[in-house]
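A quick write-up on the structure given underneath.
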Amino acid sequence: MTAAAEGHGVVIADPCLAVERLRAGILVAPFGEVVQNGASYFLVYPPSPVVQPMLRALADTLLRLADENRGLEAAAAPST
């Protein structure tokens, strides 16, 4: 992304990683389409009651951040 931002070509990247540069106008998205690759992330852990509260807090934070990123992606998407 840095090379593209410095004028050395193009980049194919996850919009979540580029949202700040897109908002700032450092990079532009020339097409309105975003291709979904089907990649997913999973949080898995053993059922130990000792770590449950900490892991629940982590899971809640990750879900909140994912929701925020979805909103940022929508805001950064070029209007068609």
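Throughout, read-outs are computed from the coordinates displayed, never taken from laboratory work. Quick caveat: nothing in here was measured; it's all calculated off a predicted structure. Neighbour counts run over all protein chains shown; Cβ positions are idealised from the backbone, glycine included.
Across the options VAL34, ALA59, ALA4, the greatest Cα extent toward the positive end of the charge dipole of the chain (unit charges at beta carbon of Lys, Arg, Asp, Glu) belongs to ALA59.
In the elastic network of the chain, a GNM with C-alpha springs shorter than 10 Å, the most mobile of GLU33, GLU68, GLU20 is GLU33. Considering only VAL28, VAL44, VAL19, the mean-square fluctuation computed in a Gaussian network model of the chain, springs between alpha carbons under 10 angstrom, is largest for VAL44. Residues considered: ARG56, ARG21, ARG64. Largest GNM mean-square fluctuation over the chain, using C-alpha springs under 10 Å, is found at ARG56. Helical content alone sets the calculated 222 nm signal of the chain at -15500 deg cm²/dmol, taking -39,500 (n - 2.57) per DSSP H segment of four or more residues and averaging over every residue.
Here the chain is assigned +1 on the Cβ of each Lys and Arg and -1 on the Cβ of each Asp and Glu. Its dipole about the Cα centre then comes out at about 140 debye. Averaging sequence separations of C-alpha pairs under 8 Å and six or more residues apart, then dividing by the length of region 2-76, give the relative contact order as a whole percent. Reported relative contact order: 40 percent. Taking the longest Cα principal axis of the chain as reference, the axis of helix 52-76 is set at about 20 degrees.
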